[in-house]
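First up is the structure itself, then whatever we jot down about it.
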Amino acid sequence: MVLAVTGPASRWRRALLAWRRSPVSFRAGAALLLVHAIVAATGPFWAPYGLSQMGTGAPLAGMSWSHPFGVDQLGRDIFSRVVHGGHIVLLLSLSGTFLGLVVGAVIGLLSGYVRGWIDEALQRVLEALISIPFLVLALIAIAAAGPELSGNPLLVILVVALVYAPRIARIARAAALDIVTRDFVTVARLRGESAWSVMRRELLPNASGVLLVEFALRAGYAPVLIGSLGFLGFGMRPPTPEWGLMISENRALIIVSPITVLGPGLTLASLVVGLNLFTEGLARILGRTVRRADK
Amino acid sequence: MSEGPPLVEVQGLDLAYRHRDDWLRVLHGVSFTIGQGETFGLVGESGCGKSTVAYQLLGYRRPNARVEGGKVLFQGRDMLRLSRPELDSLRGNRVALVPQNPTTALSPGMRVGEQIAEVLALHGPPDHGIAAAGRTVELFHLVGLPAPERIGRRYPHQLSGGQQQRVAIAMALACDPALVVLDEPTTGLDVTTQEQILELLRSLRRRLGMSMLYVTHDLGVLAEIADRIGVMYAGHMVEVAPTSVLFGAPRHPYARGLLASLPRIEETGPRGRPLRGLLRRDDLPAGCPFQPRCDDAEPSCAISAQRLEPAGPGHEVACQRWRRLDAAAIETARDGTRPVTPLGEAPVLAVKGVDLRYDAAAWWGRWFAASTPPVVSGLDFAVAAGETFALVGESGSGKSTIARAISGMIAPATGSILFQGEKLPGLVRARTTEQRRRIQYIFQNPDASLNPRARAGKIIARPLELFGAASGASVAAGVARALDEVRLDAGFAARYPDQLSGGERQRVAIARALIAEPTLLLCDEILSALDVSVQASIIELLRRLRRELRLTLLFISHDLAVVRHLADRVGVLYRGRLMEVGRVDDIFAPPFHPYTHELLMAVPGARKEAGRAALGPAPSGAPGKGCVFAGRCPVQAGPQCENETPPWRTAESGLKIRCHIPLNELGQRPPTPNREVLSP
Amino acid sequence: MIVLRLLVGRVLLSLVTLLLVSLLIFLILEVLPGDVASRILGRDATPEVLATLRAQLQLDDPAAVRYLRWLAGVLQGDFGKALTSSRPIGQILGPRIFNTILLSAYAFLIYIPLALVPALIQAVNRDRPIDHALSTVTLVLLSVPDFLLATLLMIGFVVMIPVLPAISLVDDTSTVWQYVRAMTLPAVTLAIVMAVYAVRMLRDNLIEVLDSEYVRMAELKGLSPRLVLLRHALPNALVPTLNVTALNLAYLIGGVVIVEKVFSYPGFGSLLVDSLQLRDLPVIEATVMIAASVYIGANLLADIGAILLNPRLRSG
């Protein structure tokens, strides 16, 4: 007796089915992210005014059809600046998080598989890095880089990666420790596979769900981190239209024209809401819980 | 059993679960009764709805369940329509539950005594003259827990699995209930612990006279405890009969298959066809749910609904063909092709004086920790080419540790392991590619041994890519042949493990081992994670493979029935020491080592009469200097058992027994227990 | 015995981490490539000024010597002198830390009911509209950066309904009432941010416990829903709660940096930002060291609590 098989559904059909069954939060998050992505990609071409164009209206003018987010002290249109800033915020957040993910995942997975004193030493260093509150770590890293590099987008990306990599490494290591106890890893060991091969073939595919959720979670907080840096004056420099920086610049105006702060603020919040909804939905699809261990 | 109105009457129970946006019917018109003082057994494969039925007797269902019809009468009151306060006054009081897994069912942060006192405080002790504290001690005494006065102060995690289940039973009995619902109460337990719990339940029923509903997937257990049995399949009750009638003359094809799939110790006697295929919920016909798997079905079975109809006194069956099946029923299926093993040949595997121990976990721990006592000590055995050697023992006996050492996961502390005459390096990374290829390991649980993120074809192909095809075939052809060898269609190569059933997964794991063209196959409890019906088909597969490929098998199992069917020679292991080694037929016949004897007696349904004192729990801590079985042995010879290592004694047949008692005395112990209830 | 060994091990591990943190801080701030003095003073500094600073920081000594000297000072509670004001850092830190502790305590007071009440409501009404509504609210709040939340609260309670001061300046002459008024907005901001996390974790923990077999068993023993919740579910959901609170304490250390800056509250966090802007190296090192110690201490306390509360480690 040969057991017969019914053909598995094609990849696209399965994807379509998965989308239809996905939680509402996932779909709402994905839609919100799509809007942000489109604005970031096309915004500079249709924004009503230029990035640093002055005299677009009466300085400190409030909300109006021509200036939905008002006008700042220098007469710049806030809405145009927010639109121009979209790709900056997205690119910095995603590339910083991705760099942190790659570094963290490799360190974490190998450390969890190899064990021994290397693992032990790495753990202590990562633990120490995590013990410095992440915003404080980011701030001293920027301070250490010196005034020359301040405002450099590369520095911001590196700092985001530095803050995230140890935290992601810890998650990846925990995942690896769980996976290596399973028999299929023992099977690979008994076959005599190398550590690299075990990591690539056995650990990574099984940790990918955890890492994906972790990436989405971190990416969701990256705009806030970058915004905080900008807000405190340690991130991007004026006149870059980074949203956190804009909130800080216009904060002095809140009594006269609150919209100049609310505009970039709510835009930033909507991006983070989108990322968070997407993460929650993704985690539910993958059957994982989101552990917001630390922001 | 007293006559009179039944205690429980379930009438036409229909129940559905919410599945996405639909309601999925899981119980179809289930009806049965339980008399006063009667034990009713409910049996079926996992997912047949037996537990769902059982929980209705407590008026409990999950929020996503809906009763669509029927009644569940307990002492005349319909449990399905009682309010929560009414249910609260009955639960734990008149109807009590013994859960499947006491480890997760006992509150982890509460002392076990408090958990029982809680029930007593709620419903009041049954005998009003006694205080709650006294009643708790009395209950612990009743269920045979050690130190009943003090054990109540323990937390659940400080008790063994068997003790936890005794606490759960004590809790159920606290208020002297009329009905106890037992949901697979021995499933997670060792075979000897299971035996003790069954013995306890039997004696409690004798003394207290309560009714029981016993839910299990294991028909063998019911043979020992149930008065009547209901067989369920896919939410239908397909047969109800007194226990002796069901075992003697089962009517429904499913019940027959279930019975035939039951592993038995003795090989002789009639044996029906075991079950084939799997229960697929998405593919149930409108008529008889068993039709797709039934060998005796006729076309109309798929359309016409089956109802229970009388088939004898107290016997009901839901099959339109039961009258015609009667004559053709019992057939003899005996595989007489056991390979005769030439024992003179050089052994494929020789284990010589091996001690095994586990090191302290962390690398720095090794500097501090004293070396642990060996898990396995003084191990000697050899396996000839083409032979199947079985290692049997309870969990913790060290049998899997031995397989791990042979595979190179741990290195022997002393002694050596020879493979094809050459000494094997201890750890796998020191071994040659050829050695790694020739020794293949199949794990207990295929859920864990297959990478869930790789397709079956890729999983099977990997050893071939790594080792190279010994026979020069291409990888794709090799995978196809390996799949064919384990009787899986080539289309399975594209599937992920979660798209396979348990049996199919284990076949994929076997195919992965076979593709390396091994000489020695290490099978570590490879059947214990599978359903009974699937076990039978995997045993068949192994028998064929070793015949066709001349494989040498080291087969590790706690299941004596399986071993009896598969092994050529057997080693009985207790606490890391071999107790008895010999050909399979000699192991299962006198003389017995006292431990082997206990093992055989503990197999459900194997005992001649109930009421035998059960074997105590295995002691913890390092064994003393004498026989490791001393202290637990029922026929201990004297002080030498405690103090001296027993000698090996060899019988004429070549059977070797390690015991202080001479062979002729061991031979006087009762012969292989037979299943009285099973062979009418 | 096991408990004691675990506790000692945990404390030792924390000390090792703390030592490593000090090393890391020193490495990042003083050993990274490039001249410390010119990084502090910027490109336009004259050679004379640079030389003075270098002497003041004793930069000509090898890095290891400087590290050990600094560490020895820290161990004696001596963080050195601030570059900008030349006052001993201990004197500067004292009142700032006092203000921040006051603010944190106030925030925690608001935080506890803010975290517990919604989580209990959600867990008991699982998957009902109220659960979904609260989930949405917490998710949105989770996505609002703390500097934005602080600014929004300011727009609300300073601009639109002017009941509270925009700037929370206090000093040792301030009255208790002035302190309360000054701290309310920053404390509420911190409490909301912490509570949002706690609510989400607590809800999930409670639901997990409510789904467990022992809770079902309790129900099948005849316990009423209220008794099941109070006796079997809540005590077992308590341990993870402790962990959330420790994590929140850890957040607080980062959170005060932003919130104190927004409200110009003279605490520890704004001191850190100010010293970073002034590049006052000794002050930076001291504040970061203290922040990390609090984080490590909070985690240590949470772990000790978990060890002591774990019945698996308690004996008979």
For C:M160: the one exception among (1) more than 30 Å from B:T103 (Cα to Cα); (2) in contact (Cβ under 8 Å) with a residue 12 or more places away in the chain: (2)
Taking the range C:146-177 and keeping only residues that are within 10 Å of another protein chain (Cβ to nearest Cβ) and polar (S, T, N, Q), one is left with C:T151
Could you tell me whether any residue of the range C:204-227 is more than 14 Å from chain A (Cβ to nearest Cβ) and under 19 Å from the mean Cα position of the chain (by Cα)? no
For the range B:176-188, which residues satisfy the criterion of being surrounded by fewer than 22 Cβ atoms within 10 Å (Cβ to Cβ) and under 29 Å from B:S528 (Cβ atoms)? B:D183, B:E184, B:T187, B:G188
Residues of the range B:485-506 being open to solvent by less than 20 Å² (accessible area, probe 1.4 Å) and assigned to a helix (DSSP H, G or I), which ones? B:F492, B:P497, B:G503, B:E504, B:Q506
For B:L42, the lone unmet condition from (1) within 14 Å of chain C (Cβ to nearest Cβ); (2) within 18 Å of B:M212 (Cα to Cα) is (1)
Take the range C:2-12 and flag every residue that is without any contact (Cβ under 8 Å) to a residue 60 or more places away in the chain and open to solvent by 70 Å² or more (accessible area, probe 1.4 Å). C:L4, C:R5, C:V8, C:L12
Residues in the range B:1-31 that are in a strand (DSSP E or B) and open to solvent by less than 10 Å² (accessible area, probe 1.4 Å): how many? 7
Given the criterion away from chain C (no Cβ under 14 Å) and either open to solvent by less than 10 Å² (accessible area, probe 1.4 Å) or among the β-branched types (V, I, T) (or both), identify the matching residue among A:V136, A:V156. A:V156
A:S131 fails exactly one of (1) among the hydroxyl-bearing types (S, T, Y); (2) within 7 Å of another protein chain (Cβ to nearest Cβ); (3) open to solvent by 20 Å² or more (accessible area, probe 1.4 Å), namely (3)
Residue check, B:D585 against (1) out of contact with any strand residue (DSSP E or B) (no Cβ under 7 Å at 6 or more places or on another chain); (2) in contact (Cβ under 8 Å) with a residue 12 or more places away in the chain, all met but one. Which one? (2)
I'd like to verify a number: residues in the range A:32-63 that are open to solvent by 40 Å² or more (accessible area, probe 1.4 Å) and either in a loop (DSSP other than H, G, I, E, B) or of a type in the set (D, E, K, R) (or both), how many? 11
Which one is nearest to B:R293 (Cα to Cα), of the residues in the range B:249-282 that are open to solvent by 30 Å² or more (accessible area, probe 1.4 Å) and modelled with pLDDT of 75 or more? B:R256
Can you find a residue in the range B:80-88 that is buried (at least 20 other Cβ atoms within 10 Å of the Cβ) and either out of contact with any helix residue (DSSP H, G or I) (no Cβ under 6 Å at 6 or more places or on another chain) or at pLDDT 90 or above (or both)? yes
Which ranges mark the strands (runs of 3 or more DSSP E) fully within the range B:326-445 that have 2 or more residues being within 29 Å of A:Y113 (Cα to Cα) and at pLDDT 85 or above? B:347-356, B:414-419, B:439-442
Given the condition away from chain A (no Cβ under 13 Å), within 18 Å of A:I254 (Cβ to Cβ) and not aliphatic (A, V, I, L, M), answer yes or no: does some residue in the range C:186-202 qualify? yes
Give B:Q420, B:Q444, B:Q435, B:Q440 a once-over and let me know the one that is within 14 Å of another protein chain (Cβ to nearest Cβ) and over 32 Å from the mean Cα position of the chain (by Cα). B:Q435
Look through B:L222, B:L204, B:L173, B:L198 and report the one residue that is surrounded by 19 or more Cβ atoms within 10 Å (Cβ to Cβ) and within 14 Å of another protein chain (Cβ to nearest Cβ). B:L173
Here are the criteria: (1) more than 8 Å from every other protein chain (Cβ to nearest Cβ); (2) farther than 25 Å from C:L149 by Cβ. Tell me which single one C:F263 does not satisfy. (2)
Could you please let me know if C:V3 is more than 29 Å from C:G255 (Cβ to Cβ), at pLDDT below 85 and more than 14 Å from chain A (Cβ to nearest Cβ)? yes
Which ones in the range B:286-303 are part of a loop (DSSP other than H, G, I, E, B) and over 29 Å from the mean Cα position of the chain (by Cα)? B:A286, B:G287, B:A297, B:E298, B:I303
Test result for B:I526, within 14 Å of chain A (Cβ to nearest Cβ) and either in a loop (DSSP other than H, G, I, E, B) or at pLDDT below 85 (or both): yes
Any residue at all in the range C:227-234 that's in the same structural domain as C:L142 (by TED's automatic domain parsing) and closer than 28 Å to C:I155 by Cα? no
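The values are calculated or read from the model by the stated rules, or taken from the named source; none is laboratory data. Note that the structure is a prediction, hence the values are computed from the model and not measured. For neighbour counting, all protein chains shown are included, and Cβ atoms are generated from backbone atoms with ideal geometry for every residue, glycine included. SASA here: full protein model, heavy atoms, side chains in, ligands and nucleic acids out. Shrake-Rupley method; radii C 1.70, N 1.55, O 1.52, S 1.80 Å.
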